[in-house]
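Q: Submitted below is the structure of interest, expressed as structure tokens.
The values are calculated or read from the model by the stated rules, or taken from the named source; none is laboratory data. Nothing here was measured: the structure is a model prediction, and the numbers come from that model. Note that we place each Cβ from the backbone using ideal geometry, even for glycine, and neighbour counts take in every protein chain shown. These area figures cover heavy atoms from the full protein model, side chains too; ligands, DNA and RNA do not enter into them. Shrake-Rupley method; radii C 1.70, N 1.55, O 1.52, S 1.80 Å.
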Amino acid sequence: TGFLALCSQNLPDVEIIDGTDNFNTVLWTGNGSDGRSITGVGFDPDFVWIKSRNLTTSHLLNDTIRGANKSLFSEGTTAETADNGGGYLSAFVTDGFSVTSGGSGDDAVNDSSDTYVAWNWLAGTAFSNDASATSVGDTDSEGQVNTKAGFAIIKWTSGGSSVVAHGLGKKPDFIIIKSRDGTENWLVGNSATGFANRTKLNTNDAEGSSSAFSGGVTTTTFTENIAASSYDKIGYLFANTEGYCKAGSYTGNGNNDGPFVFTGFRPAFILVKDTSVANGWRIADNKRPAAFNVINESLSPSSAATASTSNGDRIDFLSNGFKCRSSAGQYNDNNSVYIYLAFAEQPFKFSNAR
């Protein structure tokens, strides 16, 4: 008496039923026209990450906090660039964004007949913290925060170690930070392997110990230490949110029947890195190459290369997680520890297998 049948429809409700309200992937084929609007995101995005699938071009990371036309490039240490020569995001528009050619063409965003992908996140609510007035952190910060989805875009200015307020109301589990006007590495910290360590988004390097996040991560602040000089900086912060966002880790078994990784939802996107050895980062999503398993197209944030479709990039998206389908090191090197960041298409309670 008082118990329910063991079935997915009797799982507890989650706050986010449709993950595409907060994250979505869009694909397009270039037509070479300036000011072209790329729509179909499903919301007005605040963080847009663009990459050509079939051309060797930079990853363009853009957000509404820094403003349109200001690009950062995940595969290198280059400082923020306005009006990128290979094309750039020129405006944030309703349901998407616009792209325009740069001084040397539009290969990066809209070259005729070439293919592109953009990953889009909703941040939403404005956030500002005057550290001297609130006594939260020791550095002023501002940005946009989506507390429901556990996502924040935060900017600040500092040199050396700074304690920065983030506004999430809970501890972030995955943090990506970059100096905007300096040539420092992109530094990534995560809760699964510990914030005493770091990986670099722009390299294949294995995880190493670091003071980058040495002051700790709390429900109100995080500590960063990425540059001794005073730089403008940007951070993308993600907190585990049931049924929508999961940052975690798993250990590879080096077998085509690879490990199953439980996320609690059907993934729409995963970012994966081998922390044990120098293997590149990988991004897979639910739109490439088609909406069925096996997924075998990935892009690497640490490389400007075209999309890979090698056997090592084989992975399944399941109703409640993902499963590696290759023995290769991209996702499943034997005994390697991998970190991942995943976002949902739908939570397990409402999802079907692909």
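Q: Please determine, by comparing only the residues of the range 181-208 that are hydrophobic (A, V, I, L, M, F, W, C) and open to solvent by 40 Å² or more (accessible area, probe 1.4 Å), which one is nearest to residue 239 (Cα to Cα).
A: 192
Q: Let me spell it out: the conditions are (1) touching an Asp or Glu at 6+ places or on another chain (Cβ under 6 Å); (2) within 25 Å of residue 307 (Cβ to Cβ); (3) of a type outside the set (Gly, Ala, Ser), and residue 64 meets all of them except one. Which number is the exception?
A: (2)
Q: Could you list, in sequence order, all residues of the range 319-348 that are within 30 Å of residue 17 (Cβ to Cβ) and touching a Pro at 6+ places or on another chain (Cβ under 8 Å)?
A: 321, 322, 323, 324, 342, 343, 344, 345
Q: Exactly one condition in (1) free of Cβ contacts under 8 Å to residues at least 40 places away in the same chain; (2) within 21 Å of residue 139 (Cα to Cα) is false for residue 208; which is it?
A: (2)
Q: Now, a different point. Considering only the range 139-174, state which residues are modelled with pLDDT under 95 and in a loop (DSSP other than H, G, I, E, B).
A: 159, 160, 161
Q: Only one of these is modelled with pLDDT of 95 or more and on the phi > 0 side of the Ramachandran plot: 321, 258. Name it.
A: Step by step, each of 321, 258 is checked, and only 321 is modelled with pLDDT of 95 or more and on the phi > 0 side of the Ramachandran plot.
Q: If you go through the range 271-282 one residue at a time, do you hit one that is assigned to a strand (DSSP E or B), out of contact with any Cys (no Cβ under 9 Å at 6 or more places or on another chain), closer than 14 Å to residue 323 by Cβ and open to solvent by 20 Å² or more (accessible area, probe 1.4 Å)?
A: no
Q: What single numbered condition from (1) under 26 Å from residue 145 (Cα atoms); (2) assigned to a loop (DSSP other than H, G, I, E, B); (3) more than 19 Å from the chain's Cα centre (by Cα); (4) not basic (Lys, Arg) fails to hold for residue 99?
A: Just one mismatch for residue 99, condition (2).
Q: Scan the range 141-153 for residues that are open to solvent by 10 Å² or more (accessible area, probe 1.4 Å) and hydroxyl-bearing (Ser, Thr, Tyr) and report the count.
A: Counting residues in the range 141-153 that are open to solvent by 10 Å² or more (accessible area, probe 1.4 Å) and hydroxyl-bearing (Ser, Thr, Tyr) gives 1.
Q: For the range 21-43, give me the residue count where each residue is out of contact with any Gly (no Cβ under 9 Å at 6 or more places or on another chain), under 11 Å from residue 118 (Cα atoms) and among the hydroxyl-bearing types (Ser, Thr, Tyr).
A: Within the range 21-43, residues that are out of contact with any Gly (no Cβ under 9 Å at 6 or more places or on another chain), under 11 Å from residue 118 (Cα atoms) and among the hydroxyl-bearing types (Ser, Thr, Tyr) number 1.
Here's the yes/no breakdown for (1) touching a residue at least 60 places away in the same chain (Cβ under 8 Å); (2) over 20 Å from residue 268 (Cα atoms); (3) open to solvent by less than 40 Å² (accessible area, probe 1.4 Å):
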site: 301; (1), (2), (3): yes, no, yes
site: 310; (1), (2), (3): no, yes, no
site: 318; (1), (2), (3): no, no, no
site: 333; (1), (2), (3): yes, yes, no
site: 336; (1), (2), (3): yes, yes, yes
site: 340; (1), (2), (3): yes, no, yes
site: 350; (1), (2), (3): yes, no, no
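Q: Give me the residue from the range 115-140 that is out of contact with any strand residue (DSSP E or B) (no Cβ under 6 Å at 6 or more places or on another chain) and among the charged types (D, E, K, R) and, out of that set, least open to solvent (accessible area, probe 1.4 Å).
A: Here the residue is 130.
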